[in-house]
Amino acid sequence: MMISTILNRNRIEKIASVVFALIVWQASAMLIGESLLLVTPIAVVKRLFSLFTEADFFTSIGYSFLRIVAGFLIGLVAGSLMAAIAGKFHLAEIMFWPFIATIKSVPVASFIILCLIWLSMGTLSSFISFLMVLPIIYSNVLQGIKSTDKKLLEMAEVFRVGLFRRIVFIYMPQLKPYLISACSVAMGLAWKSGIAAEVIGVSNGSIGEKLYEAKIYYTTADLFAWTVVIVVLSIGFEKLFLYVIKKFYARLERL
Amino acid sequence: MDIVISDLSKSYGEKIVLEGFSAIIPEKKMTFIMGPSGCGKTTLINILMGLVDKDNGTITGVPARKSAVFQEDRLCESFNAVSNVRLVCDNKVKNQEIILNLEKIGLNDHMLKPVIELSGGMRRRVALVRAIMAGSDIIFMDEPFKGLDEKTKEKTMQYVADNIGNKTVLIVTHDIDEANFLGGKIIEMEHSGSVTYYNYNSSID
């Protein structure tokens, strides 16, 4: 009862803070009086609705969504596999280190420009998303593997439990919090970097291209409306993916 | 084949835990290891299980297929009792058989809850069923009945007596009643300065 009251109060406070921010935004835009500099939230909502009726709205979303999500998923699988190898062989961890450290420290814009030379426009955003996701997943999963309960591993050793069962019963449950937090962070980054790659590369038919056009034609309402679309897609996919992971774990634990 | 331990030594840094320890653990029988805390009982079975390296000495006759009840339960916390037992069982062992064993030991209403939600005594019994149902030739038990009330302890000991079959069983305990109930050889370990002695002081069959 008390917890639900606190949750309700938190929700009300959050809604109130969002309403307040929108009022500040609306007032500031009205005060500036120049939609080129700052468009009003009402104008953004109007533009958003008009976007829905445009022919290429959903194709642009589909184009970016598929590529960025593919990049994220490949990064998730590759990062997890690399972490598993590094967890097993210390030498592999040492060999991976320079690559992971480089990807982590080099600005994403540098990678995008480099990849413009290497890759086609169609694969650019996937590859950039993959690159940004890889070190986060790798580091978190490796940390999870390293912190696996040694006593449980000893138990598995004594009972001669096979690798598959060790993964399902020992490693996967231990990795759960690491995987969830890594996916949550990596997914946001995949969207930000993927869209940045599309903008810089001006990928035809992508959301990034729409943002680029908004910059060329100074259509601030378009810029804001597409940004809202990106945020909704990013949060929506994150929620959906984390829901799937939690369901997967619930199923796993009923084995 | 009996397990023959000769002149076994183990130190952790400056601390000598076992020195010149020799013993014979008979095959397909129960053997109890008794002695005061810190005399090296757990170190001895950890060496026999292959979890700790010995410094010196020889050990022969330890079967390859082992199972254990550790001092801590070492269960997979988010899985239920049936899954924890299933983890170590051969694929041929049916779930129904696991359930039957858990029922025998009084876990009827609790076997489908994650073991993290079970009481200490229940978890101990899950660990026991796991050790017994694993396809092993030797079972190591480190204070297996710790934390059980008298009535449950008796029921659990009866379960062990009924289900160990022809396995070699090595039990670390402080409680002579357990040895009296289950029967078997007793190896008594003593600490004297840095030296650990042992002797068979009784044989209860």
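Since every read-out is calculated from the coordinates, none of them should be taken as a lab result. Here the structure is a predicted model, which means the values were calculated and not measured. Virtual Cβ from ideal backbone geometry, glycine too; neighbours counted across all protein chains shown.
Estimated from helical segments only, the mean residue ellipticity of the protein assembly as shown at 222 nm is -20000 deg cm²/dmol, where each DSSP H run of four or more residues counts as -39500 (n - 2.57). Compared with the dominant principal axis of the Cα atoms in chain B, helix B:150-163 is inclined by about 80°. Past 18 Å, Cα to Cα, is the threshold; run A:Lys176/A:Lys239; A:Lys46/A:Lys192; A:Lys151/B:Lys66; A:Lys176/A:Lys247; B:Lys104/B:Lys153; A:Lys151/B:Lys92 against it and keep the listed order. The answer is A:Lys46/A:Lys192; A:Lys151/B:Lys92. Under a 5 Å amide H cut-off, with hydrogens placed 1.01 Å from N, B:Phe32 pairs with B:Ile171, B:Lys185, B:Ile186, B:Ile187 among residues at least 5 apart or on other chains. Highest GNM mean-square fluctuation among B:Ser83, B:Ser67, B:Ser11, for chain B modelled with Cα contacts below 10 Å: B:Ser11. For the protein assembly as shown, the dipole from Cβ point charges (+1 on Lys and Arg, -1 on Asp and Glu) about the Cα centre works out to 1040 debye, to the nearest 20. Just checking the listed ones, A:Lys239, A:Lys104, A:Lys150: in the Gaussian network model of chain A with Cα springs under 10 Å, the one fluctuating most is A:Lys150.
For chain B, averaging the sequence separation of C-alpha pairs within contact (under 8 Å, six or more residues apart) and dividing by the residue count gives a relative contact order of 30 percent. Across B:Gly35, B:Gly165, B:Gly13, mean-square fluctuation computed from a Gaussian network of chain B (C-alpha pairs under 10 Å connected) peaks at B:Gly13. Apply the a/c threshold of 1.5 to the C-alpha gyration tensor of the range B:67-174 and tell me whether it is rounded, prolate or oblate. Rounded, because the longest to shortest axis ratio a/c is under 1.5. Normalised by the number of residues in chain A, the mean separation of alpha-carbon contacts (under 8 Å, six or more apart) gives a relative contact order of 25 percent. Taking chain A as the reference, fit the longest principal axis to its C-alpha atoms, fit the long axis of helix A:90-105 to the helix C-alpha atoms, and give the angle between the two in degrees, 0 to 90, nearest 10. Approximately 10 degrees, to the nearest 10.
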